[in-house]
1. If you put +1 on each Lys and Arg Cβ and -1 on each Asp and Glu Cβ, how big is the dipole of region 319-452 around its Cα centre, in Debye rounded to 20?
2. Return the distance in nm (one decimal) between the two label points of a simple spin-label model at Glu362 and Asp147, each offset 7 Å from Cα along Cα→Cβ.
3. Using a 10 Å cut-off on Cβ atoms, rank the peptides 438-444, 274-280 from the highest mean neighbour count down.
4. Rounded to the nearest 5, what % of DSSP beta bridges with both residues in region 3-277 are antiparallel?
5. Can you give the three extents of the C-alpha atoms in region 164-219 along their principal axes, from longest to shortest, in whole Å?
6. Please give me, ordered by residue number, the trypsin sites (Lys or Arg not before Pro) of region 284-366 that lie in loop per DSSP and have at most 10 other Cβ atoms within 10 Å.
7. Nearest 5 percent is fine: what portion of the DSSP beta bridges confined to the chain is antiparallel?
8. Can you tell me the alpha carbon radius of gyration of the chain divided by the globular rule-of-thumb value 2.2 N^0.38 Å?
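The values are calculated or read from the model by the stated rules, or taken from the named source; none is laboratory data. Keep in mind it's a predicted model, so treat the numbers as computed, not measured. Reconstructed Cβ throughout: ideal geometry from the backbone, glycine too, with neighbour counts over all protein chains shown. These accessible areas exclude ligands, DNA and RNA; they are computed on the full protein's heavy atoms, side chains included. Shrake-Rupley method; radii C 1.70, N 1.55, O 1.52, S 1.80 Å.
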Amino acid sequence: MSERVYIFDTTLRDGEQSPGASMNAAEKLRLAMQLEKLGVDVLEAGFPAASDGDFDAVAQIAKRLKTTEVAGLARASKADIDRAWGAVQHAAKPRIHTFIATSDIHLEYKLKMTRDEVVKAAVEAVRYAKSLTDNVEFSSEDGSRSDRDFLCRVFEAAIEAGARVVNLPDTVGYAIPEEFGALVKYVMTHTPNIHKAILSVHCHNDLGLATANTLAAISAGARQAEVTINGIGERAGNTSLEEVVMSLHTRPNYLPMSTNIKTEEIYPTSRLTSMITGIIVQPNKAIVGANAFAHEAGIHQDGVLKNPMTYEIMKPETIGLNRNKLVLGKHSGRHALRSRLKELGYDLSDEELNIVFTKFKELADKKKHVVDEDLEAIVTEGILRIADIFILEYLHVISGTTVMPMASVQLSVNGRSVKGAGYGNGPIDAAFNTIGKLTNAESELMRFSVNAITGGTDAMGEVTVRLKENGLVALGKGADPDIITASAKAYINGLNRLEYLKSHPVQSPQM
Ligand code: KIV
Ligand code: ZN
């Protein structure tokens, strides 16, 4: 029997720290339910002390999940721990995750504390958390740049105080795999009571080494990996769940370790994460990128046709990427739609199905084949999005080689219809200018990208925009067979997300 590695998913906490990735409570809950279906052992739902919105989202998730542990992050302070416990206490399996930095640079410049004071704070925090629940995790922030004997001392004290899991983060993504594996081995052999706890690792990807470092740590004895879907997270991101899980799955001779992950849920979870956060997966991303299983070179295509294993080390079906997708068309009924959505993980109420069915029929009139990605886009737009202030009611664009591009737009703004028209350098510019005027938008458009969700000229266009206003950054996404409409939807979605951020401020606590 292979040994078990526990998967701790922090997409909703560290992943949410990706610039512009903020999700509302309904979106977080939807993703949390998919992560439970995926089989993650622990789900870090948020940082409850960060904002009331974060607290509420964590509390909702805690009440809903049945089998997955739900963790709330807390600095090593009573107030933060109370807040985290307040949010997770109703979970079937709650966990408090408390942390303090242990590297000299953090002690001197950030915390202004001595090593003895840090040990004391860590012990007090773990002890207090332990008085609330048996399930306490302790993290030594910037662990990879900490003095290794001090690290062992802090871990020993935290375990003695009741931590069930001790986590060693490579907070700034500085470690090199060989070095990180050696550090894990050192901690395993120089922390006298380490056998009473699970050693976890949490890597960031600043040097593109997060997965390699995590695997080196697992080889050296770590048994919990902290990861995010698609590797999203602070700066260059976190270790990606799919890369670690599929490495263990694909190379059992070298890494004889198993996880609880249902690998066929990897691709649907990746898509959902991208849809909800608005963060596009780069096409060449390992495992879940659009090109991960695409063979371009003739010699490769020939080999794959003769035997897929000539050039494929994993089967796409293993991650839930179905080559023979069920295609729905305009004659497909409500029943077929419901059962396909169910297979994709969307168990909708009758009312939600009605909304999706109407949009599905509209799309099927424009596009012969409606594939899974189209359905996901419809569900994300129609069901999962926040209650919008701005809703697109009507868009008409005139453009061409001999006319000045012009857009007429009608929006609902807080339930009241407003309309206007405007010009631009191109049809999208004209639409954005008009929408901007109608919504009194003051945001700056930082990024605009168009992606075809599926192949063919009738493919749904998926547009992502990044908007910035007074230091707030929001991503907006829109999908439609018409890319001008998709762009308008993305812009309006970004404006709605900015409004949401303005009314749900996050007092980013000093970590
Ligand atoms: O990167 C980090 O150190 C963290 C800790 C809070 C675990 O995210
Ligand atoms: Zn982190």
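1. Details: 17 positive and 17 negative charges, 95 e Å.
Dipole of region 319-452, to the nearest 20 debye: 460 debye.
2. 6.4 nm
3. Values: 438-444: 15.4, 274-280: 21.7.
Going by the mean number of other Cβ atoms within 10 Å, highest first, we get 274-280, 438-444.
4. Working: 1 of 38 bridges.
Antiparallel bridges: around 5 percent, rounded to the nearest 5.
5. 32, 19, 15
6. Details: sites: Lys285, Lys306, Arg323, Lys325, Lys330, Arg334, Arg338, Arg340, Lys342, Lys359, Lys361, Lys366; in loops: Lys285, Arg323, Lys325, Lys330.
Passing sites in region 284-366 are Arg323.
7. Working: 35 of 72 bridges.
That works out to approximately 50 percent antiparallel.
8. Working: Rg = 24.1 Å, N = 511, 2.2 N^0.38 = 23.5 Å.
The reported ratio for this selection is 1.03.
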